[in-house]
Every structure is written in structure tokens, then in C-alpha cells.
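The values are calculated or read from the model by the stated rules, or taken from the named source; none is laboratory data. Keep in mind it's a predicted model, so treat the numbers as computed, not measured. Cβ placement follows ideal geometry from the backbone for every residue including glycine, while neighbour counts extend to all protein chains displayed.
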Amino acid sequence: MPRPKALPTVLIDNETVAVTEWRFAPGAETGWHVHRYDYVVVPQTDGTLLLEAKDGERHAELSIGKPYFRNAGVEHNVVNANDHEFVFIEVEVKAPEIKAAEIKAAQIKP
């Protein structure tokens, strides 16, 4: 039986970041995907997520407000392993570098 899909709501999407709220009913999944950008996840709910990857699966215990970071290239399916709704905010960093010339140009000289 197919799993229900998690519900993404895009909160911000510009040239620098994409911020998405993900809401998972019990047993809901994101579907398989690859992260194109570095990202940070900030849980809004305590609970457990099942992370399915090509090399196997593992469970991750998450706590409200305790973020984690991952580099671009992660390929997985994320599943709510709880008997309650699980919510997190995902922040994808599209522009990870500020060039030295840009920093120098922005500096105020005395």
C-alpha cells in the first residue's frame, strides 16, 4: 500500500535560500529525492523519522528547535515514523559563498 505524501509549503524562495515547511501525517513520506543544495532542518515537533537511503535505512530522533545540517547530494526518502503529525522547517542554502571582492566592496572605510 502506498504511503501518504508529506505536505510541503514554500515560505521563502529566492536566489539565496528556499525555506519550506514540511508536514507529515503518521506514515507520510517525502518521496525519493536528491538535495541540490546544502540544507538545515529545524524540527517543530519531537519525534522519529525513518530515513531510507540506497545503502539502507536508519531512524533519526529529532527534538523541537534543535537543527541539523547536511551537505548537498543527499539522496533519500523521509518517512514519519510517529503516530502523530511531524513538522519541520527546511532551509536550503542556494548561495553558500560570498566572494572576497564582494565583502571588500561592502566594507565601510574610516
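Tabulated data
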read-out	value
Strands (runs of 3 or more DSSP E) contained entirely in segment 1-82, each with at least 3 residues that are free of Cβ contacts under 8 Å to residues at least 12 places away in the same chain	7-13, 56-62
Number of the exception - Lys109 against (1) out of contact with any Phe, Trp or Tyr (no Cβ under 6 Å at 6 or more places or on another chain); (2) modelled with pLDDT of 95 or more; (3) loosely packed, with under 14 Cβ neighbours inside 10 Å	(2)
Conditions (1) among the β-branched types (Val, Ile, Thr); (2) modelled with pLDDT of 95 or more; (3) out of contact with any strand residue (DSSP E or B) (no Cβ under 9 Å at 6 or more places or on another chain); number of the one not met by Ile64	(3)
